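The values are calculated or read from the model by the stated rules, or taken from the named source; none is laboratory data. What you see is a predicted model, and the numbers here were worked out from it, not measured in a lab. Every residue, glycine among them, receives a Cβ derived from its backbone with ideal geometry; neighbour counts consider all protein chains shown. The protein model used for the area step is the full one, side chains on, heavy atoms only, and it has no ligands, DNA or RNA in it. Shrake-Rupley method; radii C 1.70, N 1.55, O 1.52, S 1.80 Å.
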Amino acid sequence: MELNDFLITPAEAAIRRGPHDSIVMSSRVRLARNLRTGAFPGWAKKPERIQILDEIRPAVEGLPEMDGCFSGSMDSLSALDKQILVERHLISREHAAKNAGSGLVLNREESLCVMINEEDHLRMQALRPGLQIKEAWLAIDRVDTELEARLKFAFDNDLGYLTACPTNIGTGIRVSAMLHLPGLVLAEQINPIIQSVNKLGLAVRGLYGEGTEALGNVFQVSNQMTLGEAETAIVERLNKVLLQIIEHEQNSRIKLIETKPKSVYNHIGRAYGILANAHSISSKETMNLLSLMRLGVDLEMFPGVNRSLTDELFIITQPAHLQKSHAEKLSPEERDLLRADMLRERLKSIGRPVTPPVTPSAN
């Protein structure tokens, strides 16, 4: 099966809902595991990586949760398909660079994804819309238990699960959430929040993880260390911090509307004006402007418009998704032209934002 035929459409992805999803776009829990035998992927030669892939893939494919899954080796996927998976946050940028000896197993709902021979033999992750890290943890914990009955994991009685990166040793868990925080950015409160989160031992990264910028005012918050703390404690601690960030973002939006309504309207109105009228626009500018329009939708400045519109546009205006809809190879300049055409077409029936804005809801 071709990956393009398997993936759910961007429109379907955009309508998925969860708690606090106006701020928490998605929740993820990832577990890193390695087999007891065989060198870690970074040290293994190609034949050994292929052998490990051949051992792991059938075990993952046979899980009840993976019924009807997509399964493939990375060398069977085109560079465009890999980039689409990155843009959907289903695989890491590092895994997209892998070829023979690495693989991917993805369930039909795109809520479970297992990367094979990324940095570790297994990087299994559960994804949920909105603030659902507890639900994501329960889902991936079941998968971990089922796989441990089929595969022999590298485990030390003192250290816990052994991983390629020392920061993952122990539980091997990485709990994260993708947050849309335009209120804190506009209020110039995002840096103090990031500093406070860092002091709690958590990491704040950009849209595509470590080393990337926060395009579209989207930030990833996750735990950093996994050794010496139980998985449930890590999940609970991060959940409490996320609830506090949500409250700060809600308060920032309310305060901005109360104290600087014209400034907020100016930002959102300008964003709408460019998106709806530009004839050439980059991916980066699009994401930053769509962030402001998404805020406007949440503040009910666009009556009758659902947030799923901006969330879908977040996906389909990214380079690989844009390229996928065209057979010929597009240059960056051509993509900028086509992106603008798409935005004008999709937004032509959307009226200008209304003023004055209303007080945002708590969700």
Between Arg352 and Ile8, how high is the FRET efficiency from 1/(1 + (r/R0)^6) when r is the Cβ-Cβ distance and R₀ = 22 Å? Nearest 0.05. 0.10
Cα Rg, Dmax, the stretch 219-325, angstrom units: 17.8, 54
Volume per residue, Å³, of the convex hull around the alpha-carbon atoms of the stretch 53-94? 90 Å³
Considering the stretch 25-98, what Rg and Dmax in Å follow from its alpha-carbon atoms? 13.6, 39
At 1.4 Å probe size, what's the solvent-accessible area of His20? Round to the nearest 10 Å². 60 Å²
For the stretch 268-363, take N as its residue count and report Rg(C-alpha) divided by 2.2 N^0.38 Å. 1.11
Give me the accessible area of Ser102, 1.4 Å probe, in Å² rounded to the nearest 10. 0 Å²
For Leu112, other-chain or 5+-apart residues with amide H closer than 5 Å (H placed, Pro excluded) are Asn107, Leu127
Assuming a viscosity of 0.890 mPa s and a temperature of 25 °C, what translational diffusion coefficient in µm² per second does Stokes-Einstein assign to the stretch 96-222, Rh being the Kirkwood radius over Cα pairs? 148 µm²/s
Accessible surface, 1.4 Å probe, highest first, among residues Ile315, Ile50: Ile50, Ile315
For the stretch 226-280, the Cα-Cα pair-distance distribution in 10 Å bins from 0, as whole percents, is 20, 24, 22, 19, 14, 1
Share of accessible surface on carbon and sulfur in the chain, whole %, 1.4 Å probe and ligands ignored, is 51 percent
If you wrap a convex hull around the C-alpha atoms of the stretch 173-239 and split its volume per residue, what is the figure in Å³? 82 Å³
Please give every one of the lysines within straight-line cross-link reach of Lys324, meaning a C-alpha to C-alpha distance under 21 Å, and leave out same-chain neighbours fewer than 8 residues apart. Lys82, Lys98, Lys284
Accessible area per residue of the stretch 59-191 at 1.4 Å probe, in Å²? 36 Å²
Using only the alpha carbon atoms of the stretch 251-311, find the Kirkwood hydrodynamic radius as the inverse mean reciprocal pair distance, in angstroms to one decimal. 12.1 Å
Hey, what's the Cα Rg ratio for the chain versus the globular rule of thumb, 2.2 N^0.38 Å? 1.02
By the DSSP-based rule, helices of the chain that are at least 18 Å long along the axis (C-alpha) and have a mean Kyte score of at least 0.0 are 283-298
For the stretch 1-56, what is the accessible area per residue in Å², given a 1.4 Å probe and the full set of protein chains? 52 Å²
Fraction in percent of alpha-carbon pairs per bin - 10 Å, the stretch 1-131: 12, 44, 33, 10, 1
Taking only DSSP H segments of four or more residues, each worth -39500 (n - 2.57), what value at 222 nm results for the chain once the sum is divided by all its residues, to the nearest 500 deg cm²/dmol? -14000 deg cm²/dmol
For the stretch 60-118, the Cα gyration tensor yields equivalent-ellipsoid semi-axes (√(5λ), largest first, whole Å) of 18, 12, 9
What order do Asp67, Asp54 take when sorted by accessible area (1.4 Å probe), most exposed first? Asp67, Asp54
Please list, by residue number, every one of the trypsin sites (Lys or Arg not before Pro) in the stretch 64-113 that is coil in DSSP and has at most 16 other beta-carbon atoms within 10 Å. Arg108
Quick check: from the Cα gyration tensor, does the stretch 98-161 come out rounded (a/c under 1.5), prolate or oblate? oblate
Sort Glu148, Glu109, Glu118 from largest to smallest accessible area, using a 1.4 Å probe on the heavy atoms of the protein chains. Glu109, Glu148, Glu118
